[in-house]
Amino acid sequence: MLVELRAKSQVTIPKDIVSKLGLSEGDKLDIREMDGEITIVPVAVYPKKYLDQLEKEIGEVKAKVAAGEQPVFDSVDALFKHLEGK
């Protein structure tokens, strides 16, 4: 799709792409250049406090798995069977 570079280095992302990706005003996009190509990728930005808490929780679960205190499932179906008490 051909777009034009405008004043202040702005481009408009075509509406069909915006709709297909479910983008809306205010969404964050990561823009990179590599080997002469520009890529634009939608990203989610989370507060550092949230990420720190998530990292802590993941560490706790990994420790439980290593100690054999956390069940590990081979599939999502096995997890659901466990949750249903089967």
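Observations on the model:
- Across LYS20/LYS64; LYS64/LYS86; LYS62/LYS86; LYS56/LYS81; LYS28/LYS56, pairs whose alpha-carbon gap is larger than 32 Å: LYS20/LYS64
- Taking the Cα centre of the chain as origin and assigning +1 to Lys and Arg Cβ atoms and -1 to Asp and Glu Cβ atoms, the resulting dipole is close to 240 debye.
- Whole-number D in µm²/s for the chain (Stokes-Einstein; Kirkwood sum over Cα pairs; 25 °C, 0.890 mPa s): 137
- The residues of the chain expose on average 97 square angstrom of accessible surface per residue, using a 1.4 Å probe on protein heavy atoms.
- For the set THR12, THR39, solvent exposure ranked by accessible area (probe 1.4 Å, protein chains only) runs largest to smallest as THR12, THR39.
- Every helix of 4 or more DSSP H residues in the chain counts as -39500 (n - 2.57), and over all residues that averages to -12500 deg cm²/dmol at 222 nm.
- Accessible surface of the chain, 1.4 Å probe, proportion on carbon and sulfur as whole %: 56
The values are calculated or read from the model by the stated rules, or taken from the named source; none is laboratory data. Computed from a prediction, not measured in an experiment: that's the story for all the values here. Using ideal geometry, Cβ is built from the backbone for each residue, glycine included, and neighbour counts are taken over all protein chains shown. We work out accessible area using only protein heavy atoms, side chains counted, and drop any ligands, DNA or RNA first. Shrake-Rupley method; radii C 1.70, N 1.55, O 1.52, S 1.80 Å.
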